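First up is the structure itself, then whatever we jot down about it.
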Amino acid sequence: ISDVPIYEADLSVVKKKDISEHLSQFILHQSLDTVDELVWRSSHMYLKTIDSFNNYSVSAYCTPGHIKFLLLYKNKNYINDNLRSFFEIVHENYIRVLLNPLYEPNGIIISSLFDQNVHLAAKKFLHQ
Amino acid sequence: MENGIYSVEKELNKAKRDISLSAFSILFSEIVQYCLYKSKKGYRLEDALHEIGLRVGYKLSEYLYYKNKMKRSITILNILTFISKHVWKYLFQHSSDLLKSQDSIYEYMICDKNILLNKYITVPKDYGNINCASFAAGIVEGFLCSSEFQAEVTAHTIYENEQNQNTTILVKFYPEVIEREKNH
């Protein structure tokens, strides 16, 4: 299992960013180490907020197949329920992609329906 | 449709439809024949079947946990129990027995009498010990490896008599997995 992401999306409402893409990737990769420890401490999939850097936070979710979803967000105090619901929708859509017999395990996700649903879930649970 | 999100929940939670034994047997027989053809090019038949099983196991590990609404397994006993109960029920309509080896801390066994895969397969004497249950072994290995419980899984069948056979799926975990269990 490599550290290359199989899917990335910018879910910000305002597209102008105040940190570079490199920095966001760096923060997310750093947090992977924390996730790797946390997954063996509890059987929950939603791991809540696991790391922070300046005023950015990272929230994580780990599926039974050990696919990790990481969300980098700024400043906001998200209610855990909203984050969990967001991740659960991403999880369901991931399973749908996985069950496609033509999808190579651990491959890049190219499904536009997946991308669309992730953005819609962000709109519903994160943009409030 | 909530807020425009195309809900995949219905698709993933479809009621299970039964598949006829004949349809499955014909498909599996073609798979075995394909692997036999591959074996002429140097691959072992069992390895080819095992590899096909890996992909199935990998995908099942996500899907079955979702379907059974269960949390991740973080212990060996947990995940093996899940496999011998739920995975076997899903694939073969009955559950199997889980045993721990007395000789090695790395080994566990899943036992299935008269495994469905071998039901309509007779191995000619000159093919030796070929066991098509290596497909099931591949499924278990794919399931375990994708859940970070790396192991080598093989299938061994003992033929008691004409009608009865006893298949053991031997699971041999990598030392790192056992170490990790001990530390938690």
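Just so you know, all these numbers are worked out from the coordinates, no wet-lab data involved. If you're wondering where the values come from, they're calculated on a predicted model, not measured in any experiment. Positions of Cβ are backbone-derived with ideal geometry, glycine not excepted, and every protein chain shown enters the neighbour counts.
For the stretch A:1-70, trypsin sites (Lys or Arg not before Pro) meeting the loop criterion (DSSP other than H, G, I, E, B) and having at most 13 other Cβ atoms within 10 Å: A:Lys15, A:Lys16, A:Lys17, A:Arg41.
Residue ranges B:17-23, B:39-45 sort as B:39-45, B:17-23 when ordered by packing (mean number of other C-beta atoms within 10 Å per residue, highest first). Convex hull volume of the C-alpha atoms in the stretch A:26-128, normalised per residue: 105 Å³.
Among complete DSSP H helices in chain B, those whose alpha-carbon atoms stretch at least 24 Å along the helix's long axis and whose mean Kyte-Doolittle hydropathy reaches -0.5 are B:21-39, B:45-67. Annotation for the stretch B:121-184 versus the stretch A:1-51: alpha-carbon center distance of 36 Å. For the peptides B:116-129, B:76-89, B:52-65, residues were scored by their other Cβ atoms within 10 Å and the scores averaged per peptide; the highest-first order is B:52-65, B:76-89, B:116-129.
When the pairs B:Lys71/B:Lys100; B:Lys85/B:Lys172; A:Lys48/B:Lys89; B:Lys38/B:Lys59 are compared against a 26 Å limit on Cα-Cα distance, A:Lys48/B:Lys89 fall above it.
If you take the Cα centroid of the stretch B:1-69 and the Cα centroid of the stretch A:112-128, the two points sit 29 Å apart.
3J(HN,Hα) couplings calculated from phi for the stretch B:92-98 with the Karplus curve 6.51 cos²θ - 1.76 cosθ + 1.60 (θ = phi - 60°) are, in sequence order, 10, 6, 8, 8, 10, 9, 10 Hz; Gly and Pro show x. Ordering B:Ser73, B:Met109, B:Leu98 by Cα displacement along the dipole of the stretch B:55-111 toward the positive end leaves B:Ser73 in first place; charges were set at the Cβ atoms of Lys, Arg (+1) and Asp, Glu (-1).
Here the protein assembly as shown is treated with +1 on each Lys and Arg Cβ and -1 on each Asp and Glu Cβ, and its dipole about the Cα centre works out to around 840 debye. Summed over qualifying helices (DSSP H, 4 residues or more, each -39500 (n - 2.57)) and divided by its residue number, chain B shows a 222 nm mean residue ellipticity of -13500 deg cm²/dmol.
Counting only C-alpha contacts under 8 Å and six or more residues apart, can you give the relative contact order of the stretch B:1-157 as a whole percent? Normalised by residue count, the contact order of the stretch B:1-157 is 28 percent. Taken about its Cα centre, the stretch A:1-103 carries a charge dipole of roughly 300 debye when the Cβ of each Lys and Arg holds +1 and the Cβ of each Asp and Glu holds -1. Within the shell of other residues whose beta carbon sits under 15 angstrom from the beta carbon of B:Ser84, the net charge comes to 0, with Lys and Arg scored +1 and Asp and Glu -1.
Each peptide in B:94-103, B:156-165 gets a packing score, the mean of other Cβ atoms within 10 Å over its residues, and the list from highest to lowest is B:94-103, B:156-165.
For the protein assembly as shown, rounded, prolate or oblate, judged on the Cα gyration tensor with a ≥ b ≥ c (square roots of eigenvalues), a/c < 1.5 rounded, else prolate if a/b > b/c? Prolate, since a/c reaches 1.5 and a/b exceeds b/c.
Ordering B:Ser25, A:Ser20, B:Ser147 from the fewest to the most neighbouring beta carbons within 10 Å gives A:Ser20, B:Ser25, B:Ser147. As a proxy for reagent exposure, ranking B:Cys145, B:Cys111 by other Cβ atoms within 10 Å from fewest up yields B:Cys111, B:Cys145. Does anything in the stretch B:39-69 have its amide N under 18 Å from the 7 Å Cα→Cβ label point of B:Ser95, and if so which residues? Taking a point 7 Å out along Cα→Cβ of B:Ser95, the residues of the stretch B:39-69 whose backbone N falls under 18 Å are B:64-69. Relative contact order for chain A using alpha-carbon pairs under 8 Å, separation at least 6, rounded to a whole percent? Relative contact order comes out at 23 percent.
About its Cα centre, the dipole of chain B is roughly 480 debye, where the only charges are +1 on Lys and Arg Cβ and -1 on Asp and Glu Cβ.
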